[in-house]
1. Being closer than 27 Å to G34 by Cβ, not hydroxyl-bearing (S, T, Y) and not in a helix (DSSP H, G or I), is that true of even one residue in the stretch 70-79?
2. Quick one: which of R50, R45 is under 23 Å from the mean Cα position of the chain (by Cα), free of Cβ contacts under 8 Å to residues at least 40 places away in the same chain and in a loop (DSSP other than H, G, I, E, B)?
3. Which numbered condition in (1) surrounded by 17 or more Cβ atoms within 10 Å (Cβ to Cβ); (2) within 30 Å of V14 (Cβ to Cβ); (3) in contact with a helix residue (DSSP H, G or I) (Cβ under 8 Å, 6 or more places away or on another chain) is the only one that N167 fails?
4. Looking at the stretch 121-157 only, could you name the residues that are more than 30 Å from G105 (Cβ to Cβ) and touching a Phe, Trp or Tyr at 6+ places or on another chain (Cβ under 8 Å)?
5. If the Cβ limit is 6 Å and pairs must be 6+ apart or interchain, which residue in the stretch 63-87 that is in the same structural domain as D20 (by TED's automatic domain parsing) pairs with which residue that is surrounded by fewer than 22 Cβ atoms within 10 Å (Cβ to Cβ) and basic (K, R)?
6. Right, L65: part of a strand (DSSP E or B), modelled with pLDDT under 95 and among the hydrophobic types (A, V, I, L, M, F, W, C) or not?
7. Which residue is surrounded by the most Cβ atoms within 10 Å (Cβ to Cβ), if the candidates are limited to the stretch 125-150 and must be in contact (Cβ under 8 Å) with a residue 12 or more places away in the chain and not in a helix (DSSP H, G or I)?
8. Considering (1) touching a Lys or Arg at 6+ places or on another chain (Cβ under 7 Å); (2) within 20 Å of D195 (Cβ to Cβ); (3) not aliphatic (A, V, I, L, M), say which one R141 fails and leave the rest.
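The values are calculated or read from the model by the stated rules, or taken from the named source; none is laboratory data. Small disclaimer: the values here were computed from a predicted structure and weren't measured. Ideal geometry is used to build each Cβ from the backbone, glycine not excepted, and the neighbour counts take in all protein chains shown.
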Amino acid sequence: MTRAPRPTDDVPIVFIVDDDDEVRESLETLIRVGGWRPETFASARAFLERPRTAAPSCLVLDVSLPDLNGLELQARIAGDRTDMPIIFITGYGDVPMTVKAMKAGAVEFLTKPFGHDALLSAIGQAIERSRAALAREAALRSLWDRYETLSRREQEVMALVVAGLLNKQIAAELGISETTVKGHRGMVMRKMHADSLADLVNMAASLGVARPR
């Protein structure tokens with residue numbers, strides 16, 4: 001699992017990647033007035049040098065760029081920055097380009113000149129998506145932290161419990177007593193903060209815990 005950086009700053013950041021100086025300056029002002037923190041870049045490569053942020057964020061991305069174009073940048077960061085929605089802007093758009101961008105996860109595709117309200121609305125929705133994604137990552141990170149407090153034997157018992165085995169079956173499979181299984185099972189429930197077997201099953205599914213072979 002790739003761990004996200006732990007949150008350090010909750011001020012939303014709007015990244016702007018556009019090689020037109022006037023467009024960058026105009027968007028920077030608009031975004032600042034909208035209450036977000038803008039960061040501007042003249043190229044995709046310059047943006048890639050910026051470390052990933054832990055704050056809610058989105059990317060306002062021009063399609064036509066001098067090095068990597070916008071679609072290529074989208075493909076480059078798709079697996080690493082799932083908490084950063086992309087809003088494409090372009091001076092010329094066509095249906096195939098729009099479809100490709102949206103299929104790859106873009107939340108909006110605006111053709112210049114676009115209204116300020118349209119962009120601000122798209123940014124607002126993207127930031128909310130980013131907040132939700134970061135919250136899911138934080139919850140999963142907390143779940144991993146709890147799972148890693150389990151001993152190796154407790155992890156084995158957990159995997160067998162969520163696979164549906166009874167205590168006596170777990171005891172037979174691991175070569176331990178049923179009383180010991182019950183003790184491990186109780187410890188697993190406490191350490192994982194699980195209120196029920198259903199809770200534990202859901203946690204195991206989120207973690208990808210499977211029955212050992």
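1. Yes, some residue in the stretch 70-79 is closer than 27 Å to G34 by Cβ, not hydroxyl-bearing (S, T, Y) and not in a helix (DSSP H, G or I).
2. On the way: R45 fails: in a loop (DSSP other than H, G, I, E, B).
Among R50, R45, only R50 is under 23 Å from the mean Cα position of the chain (by Cα), free of Cβ contacts under 8 Å to residues at least 40 places away in the same chain and in a loop (DSSP other than H, G, I, E, B).
3. (2)
4. Result: Q155, single match.
5. D67/R45; P85/R129
6. Details: part of a strand (DSSP E or B): no; modelled with pLDDT under 95: yes; among the hydrophobic types (A, V, I, L, M, F, W, C): yes.
No, not satisfied.
7. Filtering the stretch 125-150 for residues that are in contact (Cβ under 8 Å) with a residue 12 or more places away in the chain and not in a helix (DSSP H, G or I), the one surrounded by the most Cβ atoms within 10 Å (Cβ to Cβ) comes out as L150.
8. Every listed condition holds for R141 apart from (2).
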